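Comments concern the structure below.
The values are calculated or read from the model by the stated rules, or taken from the named source; none is laboratory data. Predicted model, so just to flag it, every value in this text is computed and none were measured. Here the Cβ is made from the backbone with ideal geometry for all residues, glycine too, and neighbour counts use every protein chain on show.
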Amino acid sequence: MERVYLDHAATTPVDSEVAEAMARILSETHGNPSSIYAEGRAARSAVDRARDEVAAAINADPSEIVFTSGGTEADNLALRGTLRARRDERDGLVTTAIEHHAVIDTARDLERHDGARLGVVGVDRYGVVDPEAIRDAIDERTSLVSVMHANNEIGTIEPIAKIGAICRHEGVTFHSDAVQTVGALEIDVREIPVDLLSINAHKFYGPKGVGALYVRRGTRVATMQTGGGQEKGRRTGTENVAGVVGLGVAMRIARERRATESPRQSELRDRVIAGVRARVPGAVLNGHPTQRLPNNASFCIPGTDGESLIVALDLEGFAVSSGSACTSGETEPSQVLLALGMDRELAKGSLRVTVGRSTTASQVDRFVDALSRVVARLRESAAVAV
Amino acid sequence: MSRVFVAMSGGVDSSVAAAILADRGEDVVGVWMRLVPSGGDVDAPRCCGTDEAGEDARRAAAALGIPFYALDYADVFGEKVVDRFVDAYAGGETPNPCVSCNQHVKFDALLHDVVRKFGGDRLATGHYVRATTGRDGRRQLLRARDASKDQSYALYMLGQRELARLEFPIGELRDKSETRAIAARFGLATATKAESMDICFAPGDYRELVRDRAPEAFVPGPVERTDGTVVGTHAGIGALTVGQRTGVGVATGERLYVLHLDTERRAAVVGTRAEIARRTYALTDVTFVAGDPPSSRFATNVVLRYRGIPLAGYVDVDRSHATLDLEAPALVAPGQAAVFYDGDEVIGGGVVARSTL
């Protein structure tokens, strides 16, 4: 059976050029980037090139890029590092109800164990954060505001330029988790007043286990680990050279292809949305109708549950997701959907379809076919005993 | 090709059941049921519904190269098995949680989902029991080939509708060593695991759970003889089971057993073996594998506890109720299953009703 992969928000397949670059560096360059001899210089230079690529993609300076083990570490470093660095003057943290666990759980941990004062701002029914609500939540003790660039479950793009401007005006550090958008949307840190930005390679056809935090020059971020002092002491530990190289190549390819790939994926996304609307009665589109990621179509399907949808579709050959689904085998409705004000029962029937570079219109059509069959079966099942 | 789902607990039996089916070239899908919330308060290393068991099941499925899903049945398990278990003890009955789990979780909720939601054709489990099709085309439920492992007692509630969809591959195996050999052949890590005997969600002393959830059942009350003479006190109905020997009477050298628990007066009625004169029991929720009883009154061998000895008797059926007449007196706790056998074949069964002593 041919598999159809429609869960690119969870992760993306590694681009073959990325994989080749990583294989080459693993076999040809064994040096430690901190070593001063030739092997070390070769490794250092590979890491530098990757840093240049990542910086260029968001119009940052290479010195503003800190490599991490991924998006979660970048988010942790941004939140914990900022609160620690500024804790003598400020102890407030403002975030939103629809952040990824890497942000919201870190924020709650800081509240519980480090005495941070946490403010959680709600969203409207499309999942949009109101910049004025952020302004209202900021006070003279606020250290950091963290608002994601686009939501991983429902795809809504947040007005981070406006929020960043407010933060800058209030003298508050602004972090944005851009794990879902880097590679898909244009991000220019000289245009958007963002101080910290989280990046994750495996969301744009790079390897898992590597990411970066953009740290605007002058932004104070304390380190979370101590050691040999790599990454200017902000993220110490011998560099994941092959991973970093993969991140750099993936970033370059994403930048080169964005202008053609994003509109192409938007069309496929709209084909999913139109198909589901036509073939699955009662399906509700989650997130903003237009201000959404080019690859994300998210639905709630009444009379179904996410777990059953995923299992049944997998057995039909389709890989899709129910919300973020970081917790398998448990059927709690998504906190993000509940934050939109959605009814608990409806929220249980959530389905996220995220297209990617390899997705075709014919795959989308076959998926919509399979989904309409599966939904009909699940709805029937509720009324029938064994 | 038809698709068979296997309920995998993480233990050796269900892993081997999956291995046998996969080895036959069937389209096999492994499912594991989460029965307690993750990180929940039920910290039972032997419980098949915990995270750790789920990991074992996932690894076994991966070793067999079959798809695997962890599915959440914690709500139905909590309500239909754990809550009922506590309520039964608190009400002076002796529940059989394995029967409730089979009846409500595995062969109702899971079987329904497999067939109706996931489009599966059949469900297999790692129970030691056999299901065959008789000459008349009806499905039959038989004791396992290895009588020492037989689990048919806890499966008596299965009917034609369920059995049409069920398979029990390991019920055909000669003995546990054959199971372990197959596990070893497929490289299943479960091959050396010990067998569990506890109540899965209440390891050690189940009374702790009952005391925790139903403290009202742990109010002391009188211990009486059948003539009403008070001979002592007990710590609470929830800690007692009909048929259990009591400490009371030791001074007089008599062996006294709990004959009856009167929840209204919180009294435990005790007596000697000679006082166990009961040969007749009322049964409720009576079901038959074939759908109907062999006749409205039939002779049978009835088993009254897990791995109990078959006792000769007669059953008089009145719709979902029945009267059981044993040839010799026996002491049976209300809440236990009474399962009717004809040789190795399970005819049906019911639940022993609370006594009207």
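Computed quantities for the displayed model
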{"read-out": "Test: residue in the stretch A:61-71 that is aromatic (Phe, Trp, Tyr) and without any contact (Cβ under 8 Å) to a residue 60 or more places away in the chain", "value": "no"}
{"read-out": "Residue among A:ARG269, A:ARG264, A:ARG255 that is surrounded by 22 or more Cβ atoms within 10 Å (Cβ to Cβ) and at pLDDT 95 or above", "value": "A:ARG269"}
{"read-out": "Residue match in the stretch B:35-49 (condition: at pLDDT 90 or above and facing chain A (nearest Cβ under 10 Å))", "value": "no"}
{"read-out": "Residue tally, condition hydrophobic (A, V, I, L, M, F, W, C) and in contact with a Pro (Cβ under 8 Å, 6 or more places away or on another chain), over the stretch B:268-283", "value": "3"}
{"read-out": "Test: residue in the stretch B:192-210 that is among the hydroxyl-bearing types (Ser, Thr, Tyr), surrounded by fewer than 19 Cβ atoms within 10 Å (Cβ to Cβ) and at pLDDT below 90", "value": "yes"}
{"read-out": "Single condition A:ALA43 does not satisfy, out of (1) over 23 Å from the mean Cα position of the chain (by Cα); (2) farther than 22 Å from A:ARG235 by Cβ", "value": "(2)"}
{"read-out": "Looking only at the stretch B:1-34, and only at residues there that are surrounded by fewer than 18 Cβ atoms within 10 Å (Cβ to Cβ) and at pLDDT 85 or above, the one that is farthest from the chain's Cα centre (by Cα)", "value": "B:GLY25"}
{"read-out": "Strands (runs of 3 or more DSSP E) contained entirely in the stretch B:285-357, each with at least 1 residues that are more than 20 Å from the chain's Cα centre (by Cα)", "value": "B:297-303, B:311-318, B:321-326"}
{"read-out": "Qualifying helices (runs of 4 or more DSSP H) (wholly inside the stretch A:267-386; at least 3 residues being over 27 Å from B:LEU35 (Cβ atoms) and without any contact (Cβ under 8 Å) to a residue 60 or more places away in the chain)", "value": "A:361-381"}
{"read-out": "Unique residue being away from chain B (no Cβ under 14 Å) and at pLDDT below 95 when the list is A:PRO281, A:PRO302", "value": "A:PRO302"}
{"read-out": "Checklist (1) surrounded by fewer than 24 Cβ atoms within 10 Å (Cβ to Cβ); (2) hydrophobic (A, V, I, L, M, F, W, C); (3) without any contact (Cβ under 8 Å) to a residue 40 or more places away in the chain applied to B:LEU326, failing item", "value": "(3)"}
{"read-out": "Residue tally, condition assigned to a helix (DSSP H, G or I) and within 19 Å of A:GLY233 (Cα to Cα), over the stretch A:25-40", "value": "1"}
{"read-out": "Filter result for B:ARG180 (part of a loop (DSSP other than H, G, I, E, B), more than 22 Å from B:PRO97 (Cα to Cα) and away from every other protein chain (no Cβ under 14 Å))", "value": "no"}
{"read-out": "Residue within the stretch A:71-83 that is surrounded by fewer than 24 Cβ atoms within 10 Å (Cβ to Cβ), small (Gly, Ala, Ser) and outside the structural domain of A:LEU337 (by TED's automatic domain parsing) present", "value": "no"}
{"read-out": "Hey, A:ALA19 under 26 Å from A:PRO294 (Cα atoms), surrounded by fewer than 20 Cβ atoms within 10 Å (Cβ to Cβ) and under 22 Å from the mean Cα position of the chain (by Cα) or not", "value": "yes"}
{"read-out": "Residue selected from the stretch A:154-187 under the condition more than 17 Å from the chain's Cα centre (by Cα) and in a loop (DSSP other than H, G, I, E, B), by the criterion surrounded by the most Cβ atoms within 10 Å (Cβ to Cβ)", "value": "A:VAL172"}
{"read-out": "Inter-residue pairs, beta-carbon under 9 Å, first on the phi > 0 side of the Ramachandran plot and in the stretch B:277-304, second assigned to a loop (DSSP other than H, G, I, E, B), 6+ apart", "value": "B:ASP285/B:MET157; B:ASP285/B:SER320; B:GLY291/B:ARG138; B:GLY291/B:GLY159"}
{"read-out": "Criterion violated by B:ARG213 - all others in (1) over 26 Å from B:TYR69 (Cα atoms); (2) within 14 Å of chain A (Cβ to nearest Cβ) satisfied", "value": "(2)"}
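Residues checked against (1) out of contact with any strand residue (DSSP E or B) (no Cβ under 8 Å at 6 or more places or on another chain); (2) assigned by TED's automatic domain parsing to the domain that holds B:VAL289; (3) modelled with pLDDT under 95:
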residue	(1), (2), (3)
B:ALA57	no, no, yes
B:PHE68	no, no, no
B:TYR89	yes, no, yes
B:PRO95	yes, no, yes
